[in-house]
Every structure is written in structure tokens, then in C-alpha cells.
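Down below is the structure, laid out as C-alpha cells.
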Amino acid sequence: MDEKQRQVADFVEAHGLETPPAYRLLDLVSEVGELAKDANESTGYGTTPETVAIESDEIGDALFALLAVAESLDIDAEEALETAIAKYDARMDEGGSPGSGA
């Protein structure tokens, strides 16, 4: 397990914040929504995309929530990321894009 995932898990345990994975996922969606809100507001709802600004603590909140989801599902986030990078790399080698494929 990644050091940061362990740090999140320890924080959750120390503060009695355990909750089922479904609620962890809802928290993650909420945090990603806050990123979208920052992007929408800082760009005038897309009229000036070059002015996008997102607060770093909001990125941190989303990362915390994602690592908490992984932990609640007994998924090693670092291994999951390595698997995803390998998958994307293979797609690129096949002449596609990282997002192509099933």
C-alpha cells in the first residue's frame, strides 16, 4: 500500500471517520464537483478557458477522498495506478489514445 493511502487510512481510523464504500464514493463525487465549480467560476463558465484556476487544497480534498475510496474497497491505489498506466501505454502502442478501448 502506498504511503499516502496509509496516511489517509490512519487519519480516518484515528478520527472515527469509517463509512461504507458507497458513502466514500459520494464524498469523492462531491469533491470532484468542487473542482468543477472552481473551473466553471474561474473561466466565466467557459467563456475564458485560459483563466482556469483550481485551489490546490481542493485537489488535496479530491485525492484524500479517492484514497479513502480505495482503502474502503481494499484496493491498493498505487497498484491500481500502475495497472492503469500499463493499460494506457498499451493503447498508445497500438496507435490509439489512452481513453480508447473498453
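Listed values, structure above:
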quantity	calculated
Segment S30-S56, extension gain: residue separation times 0.36 nm, minus the distance between their alpha carbons	7.8 nm
Karplus 3J(HN,Hα) series, Hz, for region 4-16 with 6.51 cos²θ - 1.76 cosθ + 1.60 (x for Gly, Pro)	5, 5, 5, 4, 5, 4, 5, 5, 4, 5, 4, 10, x
Region 34-102 shape via C-alpha gyration tensor axes, a/c threshold 1.5	oblate
Length-normalised contact order for the chain - Cα pairs under 8 Å, 6+ apart - percent	32 percent
Region 3-75 - Debye-derived log10 I(q)/I(0), Cα point model, q = 0.24, 0.25, 0.26, 0.27 Å⁻¹	-0.98, -1.03, -1.09, -1.14
Distance in nm between pseudo-label sites at L17 and I75 (7 Å out along the Cβ direction from Cα)	1.9 nm
Residue-by-residue Karplus 3J(HN,Hα) for region 34-51, coefficients 6.51, -1.76, 1.60, Hz, glycine and proline x	5, 5, 5, 4, 4, 5, 4, 5, 6, 9, x, 6, x, 6, 9, x, 6, 9
Lys, Arg +1 and Asp, Glu -1 on Cβ, resulting dipole of region 3-75 about Cα centre, debye, nearest 20	180 debye
Amide H contacts of V52 (H built 1.01 Å from N, under 5 Å, at least 5 apart or other chain)	none
Positive-end extreme of charge dipole, the chain - chosen from I75, A65, V29 (charges on Cβ)	V29
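Readers should treat all values here as calculations from the given coordinates under stated rules, not as data from a laboratory. Just so you know, these numbers come straight off a predicted model, no measurement behind them. When we count neighbours, we look across all protein chains shown, and the Cβ atoms used for this are built from the backbone with ideal geometry, even at glycine.
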